């Protein structure tokens, strides 16, 4: 499965630098801008990018969440996928099901300054369901693995590189932090902390047979969508 370039690059970068997580960084005279804990309200993009990879040959279609996408099968026949019906299947979790809209983010040892910190995230309404990730403070990027987030098991079990990622946004005073239609100045930050998450992406992958029963060739299908998130407050006690 292939995911969007920026998210795949983020995953590779974080995986490449995991060995430096305990190395302190020089922060003389700076505020604690490494504490990213908090509650975040996610706003989803209107479109999905759907990719079908058949033995390394990748086809890509873009649609809204209620659309229908069509690919060419290995024998040349069309493969049609109704996204609304497919995402409604109990065996399939699409992005807004695998990554919560009401997001809580906790951080390991935020008082210790490091290049990398471990993160935990969960749906505010389902706090027992945790996912683990990292934040790389050198570029403010976050990455979470969603290996169990794509679906249940069998053909609809998750495949490698089911991920959620993005970039923490910081703002102070007159810096509104506007990006596109999102006013990050509305985010609620602690001193020196982030006001939100920009350039967010969730990418989920499955075996091709999850979407088209009987597609037994080496095939995977992925769905990717963008998000932004405003920080709305502190974690509950």
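Just so you know, all these numbers are worked out from the coordinates, no wet-lab data involved. The structure displayed is predicted, hence computed values, not measured ones.
Quick notes on this structure:
- Here the gap between residue 139 and residue 126, fully extended at 0.36 nm per residue and compared with their Cα-Cα distance, gives a gain of 1.7 nm.
- When Rg and the Kirkwood radius Rh are both evaluated on Cα atoms of the stretch 179-228, their ratio Rg/Rh stands at 1.31.
- The length gained by stretching the chain between residue 91 and residue 66 to full extension, at 0.36 nm per residue less their Cα-Cα distance, is 7.2 nm.
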